[in-house]
1. Give the residues of the stretch 205-217 that are at pLDDT 95 or above and closer than 16 Å to Phe10 by Cβ, sorted by residue number.
2. Using the structure shown, decide if Gly59 is at pLDDT 95 or above and on the phi > 0 side of the Ramachandran plot.
3. Restricting attention to the stretch 88-99, which residues are polar (S, T, N, Q) and either over 14 Å from Phe10 (Cβ atoms) or in a helix (DSSP H, G or I) (or both)?
4. Looking only at the stretch 1-56, count how many residues are free of Cβ contacts under 8 Å to residues at least 40 places away in the same chain, touching a Ser or Thr at 6+ places or on another chain (Cβ under 6 Å) and not small (Gly, Ala, Ser).
5. Kindly indicate which of Val74, Val163, Val126 is under 15 Å from the mean Cα position of the chain (by Cα) and at negative phi.
6. Go through the stretch 16-34 and give me each residue that's farther than 14 Å from Leu127 by Cβ, outside any helix (DSSP H, G or I) and not charged (D, E, K, R).
7. Only one of (1) in contact with a strand residue (DSSP E or B) (Cβ under 9 Å, 6 or more places away or on another chain); (2) free of Cβ contacts under 8 Å to residues at least 12 places away in the same chain; (3) closer than 21 Å to Met214 by Cα fails for Glu87. Which number is that?
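The values are calculated or read from the model by the stated rules, or taken from the named source; none is laboratory data. Fair warning: this is a prediction, and the values are worked out from it, not measured in the lab. All Cβ positions, even for glycine, are placed from backbone atoms using ideal geometry, and neighbour counts span all protein chains on display.
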Amino acid sequence: MTSRPKLVVFDMDGTLIRGRLIEVISRKYDLTKKVVAIQSDSSLQGYKKTKLIASLLRGIKANEIVKAVDSIPVMKNADKIVTWFKENGYRTGIITDSYTIAAEVIANKLEIEFFAANELVVENEVLTGEIKMPLGWEKINCPCTISICKRFHLNQYSNKYGVNIEDTIAIGDTRGDICMLKQAGLGIAFMPKDKDIISQSKNIILNPDLNEIMNYM
Ligand SMILES: [Zn+2]
């Protein structure tokens, strides 16, 4: 092994955990129809969808978001692969368009070093419906226009940790991950959920087992 610093970043929903947090919350609070209507509105840019969905969460206790994400099982061998990366000199992180209070739960559970996500505004332990989005695409002209440009944040963390971009690995499952997967030294589509990520990925894992990443190492 070389001693050069390395970095691996994971998407959260559908990648590190076996489900999507917003779907669990939507079912619990009877928001599914409204959320799906926002998600499927192709006239809206991604970050605007995130903002509208957050507004639906107004009045929900922040602790309910924590409980909901905690109820979603982690992906098979998530702990094993994170441990392997750490033992082999990788910084480990989550870059997700979910929420910081949820990403923190998963980062703690899997002992992942850092996370980047959207911040739900909380007052008196209750969600206000507002959200602080990291964005980043507007700074690098990334076409993703989602609430957190994963390419921008991959670049930020590789700079922060002094990692050459060719020594980075990114793993994700939807079109929002494409800009990050293309930027990373190794990009892997894990259980891809839409045709865009499938058509734009060279490396695809179709078995719900994160240990399959070892086939690329
Ligand atoms: Zn992007």
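1. If we filter the stretch 205-217 for residues that are at pLDDT 95 or above, which is where we start, we get 205-216.
Within the stretch 205-217, Ile205, Pro208, Asp209, Leu210, Asn211, Glu212, Ile213, Met214, Tyr216 meet the criteria.
2. It is true that Gly59 is at pLDDT 95 or above and on the phi > 0 side of the Ramachandran plot.
3. Going through the stretch 88-99, the residues polar (S, T, N, Q) turn out to be 88, 92, 96, 98.
Asn88 - this is the single residue of the stretch 88-99 that is polar (S, T, N, Q) and either over 14 Å from Phe10 (Cβ atoms) or in a helix (DSSP H, G or I) (or both).
4. 2
5. Details: Val163 fails: under 15 Å from the mean Cα position of the chain (by Cα); Val126 fails: under 15 Å from the mean Cα position of the chain (by Cα).
When all the criteria are applied, what remains is Val74.
6. Leu16, Ile17, Gly19
7. Glu87 satisfies every listed condition except (1).
Here's the yes/no breakdown for (1) at pLDDT 95 or above; (2) in contact with a His (Cβ under 8 Å, 6 or more places away or on another chain); (3) loosely packed, with under 14 Cβ neighbours inside 10 Å:
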| site | (1), (2), (3) |
| --- | --- |
| Arg4 | no, no, yes |
| Leu7 | yes, no, no |
| Asp11 | yes, no, no |
| Leu16 | yes, no, no |
| Arg20 | yes, no, no |
| Glu23 | yes, no, no |
| Arg27 | yes, no, yes |
| Val36 | yes, no, yes |
